[in-house]
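The values are calculated or read from the model by the stated rules, or taken from the named source; none is laboratory data. Fair warning: this is a prediction, and the values are worked out from it, not measured in the lab. Cβ sites come from the backbone with ideal geometry, for glycine too, and all protein chains shown count toward neighbours. Surface areas here come from the heavy atoms of the whole protein model, side chains and all, with no ligands, DNA or RNA. Shrake-Rupley method; radii C 1.70, N 1.55, O 1.52, S 1.80 Å.
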Amino acid sequence: MPPAQTAPEKIPVTVLTGYLGAGKTTLLNRILSEPHGQKYAVIVNEFGEIGIDNDLVVGADEEVFEMNNGCICCTVRGDLVRIIDGLMRRKGKFDAIIVETTGLADPAPVAQTFFVDDNIGRKTRLDAVVTIADAKWLSDRLKDAPEAKNQIAFADVILINKTDLVTPAELAEIEGRIRAINPYAKVHKTERCQIPLPEVIGRNAFDLDRILEIEPDFLGGNGPDQDDHHDHHHDHHHDHDHGHHQHSALKHYHDEDMQSLSLSTEQPLSSDKFFLWIQDLVQKEGPNILRSKGILSFKDDPERFVFQGVHMILDGDHQRPWQPEEKRLSRLVFIGRNLPEEKIREGFAACVA
């Protein structure tokens, strides 16, 4: 059976991250208690510490608890692989897995688990990294805590939470800072994490088609203006009321040490050249590359190849056939620090078949 057919059976995993107090617990309590009709397995780091409402929990002396709404909650005390392995034996009992990282943590090692462990990689796929940011405190955190910046740079979906505690001007400023660090994430503004769960779970967010959905002209122009072009994207789905003045407000931010880079070509790529190049690139630049993602069109290959990476670890698979009317465009995105932009552009250009 070709990979394209088997891929959808993998269980999607959402990694939930965010600074202490930003609202992860609020979101988790909603997932575990609301009658949303989906069954989620929620893996939390330390059960007591995150304050999941004890009334929701049946038999709290074990590691795995069944919730009243059919969700499962489990704690990880050190061994994520073991917990997921145990969960996968309950196959069919849940639709998705949500992993909460501790507030100070870099989400990278958690995300990497889903690529590195073969057993887990066969059964699950990293669906999205969701970062919850506290509207009131994020600016301070970005100044004093590099991991807060990593969490933003790493995200596929960002919730700016507690928006009721800041003024519209402060909110525009926060959004500008976020966009400067990560122009490719889907941003939502929330109070008390009120958001439809499908916006957070089951996003298939590393699929770059989502990025084009957010920003149709995202890949417009590969000219010299690309640099200042890429740090003021905003989300057309929201803020229709004040999108216009906000666009000008968002232009001025440039995050000093975070960069994002997008590449595209309509020429088919050589798979051999590409894999050699990307592996060499992440070996050398891996510590600086937080996330990489791409959809690729290889010569003589009827299927789209999709990959994503966390630092030096890459994962990829054929996804589905290219549609007859579809433009066979290869697209890549890198987010990181001190990226050798010219070198990356030249290397990618040399991968054309």
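Residues whose amide H comes within less than 5 Å of that of Arg125, counting only those at least five positions distant or on another chain, are Ile11, Val13 (H built at 1.01 Å from N in the peptide plane).
Summary of the geometry: region 107-147 and region 163-184, compared by the centres of their Cα atoms, lie 20 Å apart.
Counting charges near Glu191 (Lys, Arg +1; Asp, Glu -1) among other residues having Cβ under 13 Å from its Cβ returns a value of +3. Taking the 1.4 Å solvent-accessible surface of region 269-353 as the whole, the part contributed by carbon and sulfur is 54%. Which stretch or stretches of region 288-309 have amide N atoms under 14 Å from the point lying 7 Å from Glu326's Cα along the Cα→Cβ direction? Answer for region 288-309: 294-298, 301-307. Karplus-derived 3J(HN,Hα) values for region 151-168, using 6.51 cos²θ - 1.76 cosθ + 1.60 with θ = phi - 60°, are 4, 5, 5, 7, 6, 9, 9, 10, 9, 8, 9, 6, 5, 6, 9, 10, 7, x Hz; glycine and proline are entered as x. Cα-Cα over 24 Å: which of Lys24/Lys123; Lys93/Lys293; Lys143/Lys284; Lys10/Lys284; Lys24/Lys143; Lys136/Lys189? Lys24/Lys123; Lys93/Lys293; Lys143/Lys284; Lys10/Lys284, as the Cα separations exceed 24 Å there.
Here's how it looks for Glu303: its modeled amide H is under 5 Å from those of Trp322, which are all 5 or more places away or on a different chain. Put simply, the amide H of Ile43, placed in the peptide plane, has neighbours under 5 Å in Cys74, Ile98, Val99, Glu100, leaving out anything fewer than 5 places away on its chain.
Remark: spin-label model distance Ser270-Lys143 equals 5.2 nm, labels positioned 7 Å along the Cα→Cβ axis.
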